[in-house]
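One structure is given here, and the rest of the page talks about it.
The values are calculated or read from the model by the stated rules, or taken from the named source; none is laboratory data. Since this is a predicted model, take the numbers as computed values, not measurements. FYI the Cβ positions are ideal-geometry reconstructions off the backbone, even for glycines, and counts take in every protein chain you see. When the accessible area is computed, the model is the full protein with side chains, heavy atoms only, and any ligands, DNA or RNA have been set aside. Shrake-Rupley method; radii C 1.70, N 1.55, O 1.52, S 1.80 Å.
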Amino acid sequence: MVRGGTVATLSSAVDGRFGVIRDGALAVVGDRIEWVGPERDAPSGLLADPAETVELEGRWATPGLVDAHTHLVFGGHRAEEFALRLQGVSYQEIARRDGGILATVRATRRSTSEELLAGGQRRLETMIDHGLTTVEVKSGYGLDTETELRMLRVARSLEARTGVTVRTTLLAAHAVPPEYQGDRTAYLDQVCQDLIPAAAADGLADAVDAFCESIAFTPSECERVLRTGAREGLDLRLHADQLEDGGGAALAARLRARSADHLEYASDEGVAAMGAAGTAAVLLPGAYLTLRESHPPPVDALRREGVPMVVATDLNP
């Protein structure tokens, strides 16, 4: 029994918004919440001789946090790039200077699995301390079959080490690696013919994702990657319309993706398509602020079209 505090159920039926229950209690049997409500209304059978009683002493009990968009596993860091952005250098220019994603690719390829695991677990434990119970973890900093699969294995292992639920996403279409700069089609061939089937066959990925931007991959290239993932039984996600309106929101909707993420520059047509398809919008205010963006995502349009909205961290280097 958990008692003596304030419970937030997030049920609009309780108080119209957050489901706040003053002097609330929860009865837990095994790993299930069997009852929640005002303590005075608790069924006597659930109150009788509980195996354990947790006294909240006026504190809150809330649902666990779900972080639906992270890049939790990586090598190195890019703190120096934040200093460049403070000086007015754009994300696109940093990428053109061989920074950004490719800088982390170099560091991640150099890192051992043990180093990647130690860093990922340290970050995840900090998130758990803040109430996280479920996390999505993307690959995307290997950009070769061996390192991408290694990142996914590390991410999978974090669930047993921490006790939280971990879902993994293959993001090999994050950038074109240096060794394929002259032949991006050959890289996508590797991703679609080798990497996605291998990740699916080994049970390492729950979903496939792609970075749909002019500095990364075109809508048609992303569609190829996502359709390959769908054939392998993976859920679909898409980094969409973060830096410009590239039609990513509409593409995600057309392919019935679970989510389109970022969306700062998503068009009204793209948002409407997401609403019709039931594709969720994952909004990432941390990325928006860190990149010093001035064009916020179209929240009013998302509300108007009934698009489910999710807030996530975009934890990354």
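Charges were assigned to the Cβ only: +1 to each Lys and Arg, -1 to each Asp and Glu. The resulting dipole of the chain about its Cα centre is roughly 100 debye. Between T133, Q121, V164, the Cα set farthest toward the positive side of the dipole of region 95-171 (charges on each charged residue's Cβ, about the Cα centre) is that of Q121. In the full protein context, region 253-310 carries 48 Å² of accessible surface per residue, based on a 1.4 Å probe and ignoring ligands, DNA and RNA.
In whole angstrom, region 1-82 maps to an equivalent ellipsoid with semi-axes of 35, 16, 12, each derived as √(5λ) from the alpha carbon gyration tensor and ordered largest first.
Considering only Q242, A260, A230, and ranking their Cα positions along the charge dipole of region 224-272 that arises from unit charges at the beta-carbon of Lys, Arg, Asp and Glu, the one farthest toward the positive end is A230.
Ordering 125-135, 100-110, 199-209, 168-178 by mean Cβ neighbour count within 10 Å, with the highest value first, yields 168-178, 199-209, 100-110, 125-135.
Among 36-42, 146-152, 253-259, sorting by the average number of other beta carbon atoms lying within 10 angstrom of each residue, highest first, gives 146-152, 253-259, 36-42.
Selection among Y187, A277, A200 by position relative to the dipole of the chain gives Y187 as farthest towards the positive end (Cβ unit charges, Cα centre). Between A79 and R161, the simple spin-label model (points 7 angstrom out along Cα→Cβ) gives 2.2 nm. For region 123-179, the carbon plus sulfur part of the accessible surface works out to 50%, probe radius 1.4 Å. Of the whole protein surface, S111 contributes about 20 Å² of accessible area at a 1.4 Å probe radius.
Between region 252-280 and region 74-137, the C-alpha centres lie 27 angstrom from each other.
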